[in-house]
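Below you'll find the structure, written out as structure tokens, and then a few comments.
The values are calculated or read from the model by the stated rules, or taken from the named source; none is laboratory data. Small disclaimer: the values here were computed from a predicted structure and weren't measured. With ideal geometry, Cβ positions are generated from the backbone for all residues, glycine too; neighbour counts draw on all protein chains shown.
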Amino acid sequence: MFHFSPNEAEYFFGRDVFIKELFQGTQTRNFIPVLGASGSGKSSVVLAGLVPKLVKAGHWQFTHFRPGKDPFLALAQALVPLYRSDLDSTDKIIQARKLARSFSEDELPLSDVFATIHRNHPNQIILLIADQFEELYTLCRDEQTRRLFLDTLSNTFQSSSEQSSSSTVLVTTMRADFLGNVLSYPPLANVWRKVNVQIRSMNPEELREVIEKPAQKVGVSFESGLVERILDDVDTEPGNLPLLEFALTELWKKRTSKQLTHQAYQEIGEVSGALTSYADREFSKLQPEEQERVRRIFIQLVRPGEGTENTRRVATKAELKETDWKLVKKLADARLVVTSRTLVTSAKNAEQETVEVVHEALIRNWGQLKAWMETDREFRAWQERMRANMGQWQEMNRDKGLLLRGAALVQAQEKLK
């Protein structure tokens with residue numbers, strides 16, 4: 001469920017045609033939105049496909065970010081190493097905060113920053129990758145910040161079919177079901193309608209490459225008929241790449257004498273059941289008290305959809321109890337969640353530990369988690385509204401007029417019992 005990085009390009013197969021299409025796009029456009037279903041391999045095809053191809057071609061510098069809760073800070077952190085390469089780690093953090101503030105307060109055009117970067121890297125084309133762009137809608141809850149950020153990008157990367165004179169290219173990856181959110185913003189609507197690149201499902205030949213070629217590189221073979229069996233299973237499952245990846249990872253652990261067998265494939269639950277079977281096994285190892293805490297943790301890692309599918313949510317250590325965080329570490333060791341350290345603006349730009357589900361495929365396919373969310377959907381939807389209200393209260397200097405009163409206060413007290 002982890003996407004391929006540029007360093008893993010030699011093991012990335014099956015997307016040659018799409019990589020060529022993206023590469024050609026970078027020669028003529030300064031903005032390329034890549035759309036596709038969750039788990040369709042958008043991040044991997046850009047980072048492990050397009051980036052190495054551009055680096056091999058020469059004259060390219062790249063950097064990437066995920067918008068997260070504070071898109072301006074995320075963008076600034078990605079640009080600072082190219083903008084001020086002379087700084088040490090601490091000064092880069094300080095510079096990123098200053099740059100983010102300048103962007104958000106409209107004091108410094110993004111184009112001026114790119115002009116400085118080009119002076120630092122003459123004769124180089126800059127590739128800026130905004131990965132998982134839907135986080136602008138799922139994690140950034142402030143509408144004004146979202147619009148200012150979109151304005152910043154729109155003013156820098158215009159809708160022309162030719163590269164800008166600054167020789168800077170923006171590539172975004174975004175789930176296709178969030179296209180409506182972008183199209184509701186007029187300055188970008190026409191651009192996305194005209195130039196978005198849809199990543200399609202892999203055909204059987206491409207999927208065969210994904211299955212066979214990485215194993216061939218290290219001298220491992222498949223038992224006769226196993227690849228065809230896996231292909232048959234994959235063909236019937238929509239949005240199946242993350243599940244295929246997990247199944248192949250689990251199958252790899254059970255290889256014998258440099259061979260992958262039908263018996264091992266059956267034991268892991270085949271493609272569709274590999275992840276959920278693994279999650280069930282790991283969950284069953286926990287004590288009943290731990291299982292209840294896991295339930296509380298996981299429902300905080302899912303944002304209930306409002307007319308759309310449920311999506312992942314990044315939670316901070318501060319939102320969870322210290323004892324629960326120790327359990328989070330245990331879940332991370334089991335590869336069911338991912339932990340990281342992130343600058344959190346609501347905590348005055350303090351760096352906090354964060355946690356998120358390893359992939360949205362877990363949200364869609366793990367029966368246990370789906371049942372928990374069905375039971376707690378009303379509470380989680382209410383909780384997200386309260387978090388948004390709390391954020392507004394803090395931004396308004398804790399205005400007493402925004403505090404809960406009357407029926408709303410009584411409801412909150414009941415919900416939090």
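General remarks:
- Where helices (runs of 4 or more DSSP H) fall wholly inside the stretch 231-293, the ranges with 3 or more residues that are under 24 Å from the mean Cα position of the chain (by Cα) and at negative phi are 241-253, 270-284.
- TYR83 falls short of the stated requirement of being in contact with a Pro (Cβ under 6 Å, 6 or more places away or on another chain) and of a type in the set (Ser, Thr, Tyr).
- With respect to the stated conditions, GLY14 is at pLDDT 90 or above, within 27 Å of ASP177 (Cβ to Cβ) and surrounded by 15 or more Cβ atoms within 10 Å (Cβ to Cβ).
- Residue in the stretch 91-108 that is under 26 Å from the mean Cα position of the chain (by Cα), outside any helix (DSSP H, G or I) and either modelled with pLDDT of 90 or more or within 30 Å of LEU241 (Cβ to Cβ) (or both) present: no
- Residue list for the stretch 274-294, filter: out of contact with any Ser or Thr (no Cβ under 8 Å at 6 or more places or on another chain) and among the charged types (D, E, K, R): ASP280, ARG281, GLU282, LYS285, GLU289, GLU290, GLU292
- Here ASP112, ASP106 are screened, and the one residue that is among the acidic types (Asp, Glu), out of contact with any strand residue (DSSP E or B) (no Cβ under 7 Å at 6 or more places or on another chain) and on the phi > 0 side of the Ramachandran plot is ASP106.
- Residues in the stretch 76-84 include at least one that is of a type in the set (S, T, N, Q), over 27 Å from PRO242 (Cα atoms) and outside any strand (DSSP E or B).
- For the stretch 76-103, the set of residues classified as in contact with a Ser or Thr (Cβ under 8 Å, 6 or more places away or on another chain) and aliphatic (A, V, I, L, M) consists of ALA78, LEU79, LEU82, listed by residue number.
- Of all the criteria given as (1) surrounded by 17 or more Cβ atoms within 10 Å (Cβ to Cβ); (2) modelled with pLDDT of 85 or more; (3) within 28 Å of PHE133 (Cβ to Cβ), the one not satisfied by LEU327 is (3).
- If you go through the stretch 88-115 and keep only what is in contact with a helix residue (DSSP H, G or I) (Cβ under 6 Å, 6 or more places away or on another chain) and surrounded by fewer than 17 Cβ atoms within 10 Å (Cβ to Cβ), you end up with LEU108, SER111.
- Filter result for GLN198 (among the polar types (S, T, N, Q) and within 24 Å of the chain's Cα centre (by Cα)): yes
- Selected residue (criterion: surrounded by the fewest Cβ atoms within 10 Å (Cβ to Cβ)) from residues of the stretch 54-81 that are on the phi > 0 side of the Ramachandran plot and in contact (Cβ under 8 Å) with a residue 60 or more places away in the chain: HIS59
Every residue, every condition in (1) surrounded by fewer than 18 Cβ atoms within 10 Å (Cβ to Cβ); (2) closer than 22 Å to ARG175 by Cα; (3) in contact with a strand residue (DSSP E or B) (Cβ under 7 Å, 6 or more places away or on another chain), yes or no:
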{"position": "LEU251", "(1), (2), (3)": "no, no, yes"}
{"position": "GLN263", "(1), (2), (3)": "yes, no, no"}
{"position": "ALA274", "(1), (2), (3)": "no, no, no"}
{"position": "PHE283", "(1), (2), (3)": "no, no, no"}
{"position": "GLN291", "(1), (2), (3)": "yes, no, no"}
{"position": "VAL294", "(1), (2), (3)": "no, no, no"}
{"position": "LEU301", "(1), (2), (3)": "no, yes, yes"}
{"position": "THR308", "(1), (2), (3)": "yes, yes, no"}
{"position": "ARG312", "(1), (2), (3)": "no, yes, yes"}
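- Verdict on LEU35 being in a helix (DSSP H, G or I), in contact with a strand residue (DSSP E or B) (Cβ under 8 Å, 6 or more places away or on another chain) and touching a residue at least 24 places away in the same chain (Cβ under 8 Å): no
- Scan of the stretch 331-344 for residues that are assigned to a helix (DSSP H, G or I) and modelled with pLDDT of 85 or more, ordered by number: LEU331
- Residues satisfying the stated conditions in the stretch 116-150, i.e. surrounded by fewer than 21 Cβ atoms within 10 Å (Cβ to Cβ) and on the phi > 0 side of the Ramachandran plot: ASN123
- Test: residue in the stretch 118-128 that is within 30 Å of SER201 (Cβ to Cβ) and in contact (Cβ under 8 Å) with a residue 12 or more places away in the chain: yes
- Looking across the stretch 208-226, just one residue is assigned to a strand (DSSP E or B) and among the hydroxyl-bearing types (Ser, Thr, Tyr), and that is SER221.
- LYS69 vs. criteria more than 30 Å from GLN352 (Cα to Cα) and not assigned by TED's automatic domain parsing to the domain that holds VAL234: no
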